[in-house]
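K.L.:
Structure provided below as structure tokens; questions to follow.
The values are calculated or read from the model by the stated rules, or taken from the named source; none is laboratory data. Since the structure is predicted, the reported quantities are computational estimates derived from the model, not experimental observations. Note that we place each Cβ from the backbone using ideal geometry, even for glycine, and neighbour counts take in every protein chain shown. Surface areas here come from the heavy atoms of the whole protein model, side chains and all, with no ligands, DNA or RNA. Shrake-Rupley method; radii C 1.70, N 1.55, O 1.52, S 1.80 Å.
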Amino acid sequence: MSDRPDYQRKKAFFDSLLTIYGRKPVLEVLLDPTVPVFRLHLADSNKPGGIIAEIEAAARARAIDILRHDKQALSRISRNGREDQGVAADLQLPRYRSLTQWLEETSLHAGLRLLALDRVTNPQNLGMLIRSACAGGVDGVLIPRQGCAPLSPLVIKASAGTLFRCPLLRCDELAPALRTLQDRGFTVATLSSHAEQSLFDWRMPGARVYVLGNETDGVSAAVSALADQQIRIPMANGVESLNVAVTAALIAYYGAAQNR
């Protein structure tokens, strides 16, 4: 039992790692001193020289551990053997964890606010959304592995580095994660231009999850069916919709004002 705290610390650390892959994306993060890189993974089948030599040199310059693997082992690390090009890197995101871990560690209270993403596929939109959420002080952004843009160097760049400061929560699929949150007392609200209730008039007490949908289609039917409430952002002059990152900013700052 005495080893339990040490095990939990190690587990929390490795859960906070985000693995990216591909030669150019990995070289880009290695050359950016503001991106914390834990380890570099290389396939032993990579031919020396060229961009591989640049990647190794960049890692050595930052004293980053370089591990070599056979191609099959590297594909398990990258989770995308077809596109990893024999290169992957583990980034350290101190506030990146699973929804399950976050629920275990968080004291649930009425003021908690989460943003949940349903098929947000544009990396630039995702990065800007994370920046808005971080600035607005939301308690977490729930990003499912299935259906959403992966956290990539493009997302890091669009977030202006806030990806390393924003609480990011991962799950495999959104619908089961939302049901878990409902079981823990959260109210799930989906954004819809057809909703009768305005965001600015909604006074629901308690912990809340705001679901933001796809840039073109909005929230999926399967997720909408789970909603406790549908809300809209009122718009003038015939404007039909806002960029998803702008919507996230409005929700984040309005929620922060409500909690004061």
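K.L.:
Does Gly136 fit the bill of being in contact with a strand residue (DSSP E or B) (Cβ under 7 Å, 6 or more places away or on another chain) and open to solvent by less than 20 Å² (accessible area, probe 1.4 Å)? I'd like the intermediate steps shown before the answer.
P.N.:
Numbers: in contact with a strand residue (DSSP E or B) (Cβ under 7 Å, 6 or more places away or on another chain): no; open to solvent by less than 20 Å² (accessible area, probe 1.4 Å): yes.
No: the conditions fail for Gly136.
K.L.:
Could you pull out every one of the helices (runs of 4 or more DSSP H) wholly within the stretch 23-140 that has 3 or more residues that are free of Cβ contacts under 8 Å to residues at least 24 places away in the same chain and farther than 16 Å from Pro167 by Cα?
P.N.:
On the way: elements: 23-30, 50-61, 71-78, 99-105, 123-135.
Once the helices (runs of 4 or more DSSP H) in the stretch 23-140 are filtered for at least 3 residues that are free of Cβ contacts under 8 Å to residues at least 24 places away in the same chain and farther than 16 Å from Pro167 by Cα, what remains is 50-61, 71-78.
K.L.:
Name the single residue, out of those in the stretch 158-176 being touching a residue at least 24 places away in the same chain (Cβ under 8 Å) and farther than 20 Å from Gly136 by Cα, that is surrounded by the most Cβ atoms within 10 Å (Cβ to Cβ). So that I can check it myself, show each step before the final result.
P.N.:
We begin by selecting, within the stretch 158-176, every residue touching a residue at least 24 places away in the same chain (Cβ under 8 Å); these are 158-175.
Add one more test, that the residue is farther than 20 Å from Gly136 by Cα, and what stays is 171-175.
Numbers: Cys171: 20, Asp172: 11, Glu173: 13, Leu174: 25, Ala175: 15.
The selected residue is Leu174.
K.L.:
If a residue has to be among the charged types (D, E, K, R) and modelled with pLDDT of 95 or more to count, how many in the stretch 85-121 make the cut?
P.N.:
First pass over the stretch 85-121, keeping only residues among the charged types (D, E, K, R): 90, 95, 97, 104-105, 113, 118-119.
Checking the rest, the ones that are also modelled with pLDDT of 95 or more come to 90, 113, 118-119.
Here the count works out to 4.
K.L.:
Could we say that Pro123 is farther than 14 Å from Ala249 by Cβ, surrounded by fewer than 21 Cβ atoms within 10 Å (Cβ to Cβ) and touching a helix residue (DSSP H, G or I) at 6+ places or on another chain (Cβ under 8 Å) here?
P.N.:
Working: farther than 14 Å from Ala249 by Cβ: yes; surrounded by fewer than 21 Cβ atoms within 10 Å (Cβ to Cβ): yes; touching a helix residue (DSSP H, G or I) at 6+ places or on another chain (Cβ under 8 Å): yes.
For Pro123, the condition - farther than 14 Å from Ala249 by Cβ, surrounded by fewer than 21 Cβ atoms within 10 Å (Cβ to Cβ) and touching a helix residue (DSSP H, G or I) at 6+ places or on another chain (Cβ under 8 Å) - is met.
K.L.:
Which of the residues that make up the stretch 111-161 are farther than 21 Å from Thr34 by Cβ and of a type in the set (Ser, Thr, Tyr)?
P.N.:
The answer is Thr121, and nothing else.
K.L.:
Let me ask another. Hey, can you tell me all the residues within the stretch 142-157 that are in contact with a Leu (Cβ under 6 Å, 6 or more places away or on another chain) and either open to solvent by 30 Å² or more (accessible area, probe 1.4 Å) or in contact (Cβ under 8 Å) with a residue 60 or more places away in the chain (or both)?
P.N.:
Of everything in the stretch 142-157, those that are in contact with a Leu (Cβ under 6 Å, 6 or more places away or on another chain) and either open to solvent by 30 Å² or more (accessible area, probe 1.4 Å) or in contact (Cβ under 8 Å) with a residue 60 or more places away in the chain (or both) turn out to be Leu142, Leu151, Ile156.
K.L.:
Residues that are assigned to a helix (DSSP H, G or I), closer than 24 Å to Glu104 by Cα and over 21 Å from the mean Cα position of the chain (by Cα): does the stretch 164-172 have at least one?
P.N.:
no
K.L.:
As an exercise: evaluate Ile51 against (1) farther than 22 Å from Ser159 by Cβ; (2) touching a strand residue (DSSP E or B) at 6+ places or on another chain (Cβ under 7 Å); (3) of a type outside the set (Gly, Ala, Ser) and give the number of the one condition it does not meet.
P.N.:
The failed condition is (2).
K.L.:
Follow-up. If you go through the stretch 194-231 one residue at a time, how many are open to solvent by 30 Å² or more (accessible area, probe 1.4 Å), assigned to a strand (DSSP E or B) and under 23 Å from Pro144 (Cα atoms)?
P.N.:
2
K.L.:
Could you grab the pairs with beta carbons closer than 7 Å, sequence gap of 6+ or different chains, first residue in the stretch 230-253 and in contact (Cβ under 8 Å) with a residue 24 or more places away in the chain, second one among the aromatic types (Phe, Trp, Tyr)?
P.N.:
Within 7 Å, the pairs are Ile231/Trp202; Ile251/Tyr210.
K.L.:
Among the numbered criteria (1) within 23 Å of Ser98 (Cβ to Cβ); (2) open to solvent by less than 70 Å² (accessible area, probe 1.4 Å), which single criterion is violated by His69?
P.N.:
So the condition that His69 fails would be (1).
K.L.:
I'd like to verify a number: residues in the stretch 177-186 that are open to solvent by 20 Å² or more (accessible area, probe 1.4 Å) and not acidic (Asp, Glu), how many?
P.N.:
Residues in the stretch 177-186 being open to solvent by 20 Å² or more (accessible area, probe 1.4 Å) and not acidic (Asp, Glu): 5 in total.
K.L.:
Continuing with the same structure: Of all residues being within 16 Å of Leu199 (Cβ to Cβ) and among the polar types (S, T, N, Q) in the stretch 225-241, which is modelled with the lowest pLDDT? Just the residue, please.
P.N.:
Ranking the qualifying residues of the stretch 225-241, first place goes to Ser241.
K.L.:
Within the group Thr34, Thr19, which residue is of a type in the set (Val, Ile, Thr) and closer than 30 Å to Leu181 by Cβ?
P.N.:
Thr19
K.L.:
Turning to a different aspect of this structure: Given the options Ser45, Ser16, name the one that is open to solvent by 50 Å² or more (accessible area, probe 1.4 Å) and of a type in the set (Ser, Thr, Tyr).
P.N.:
Ser45
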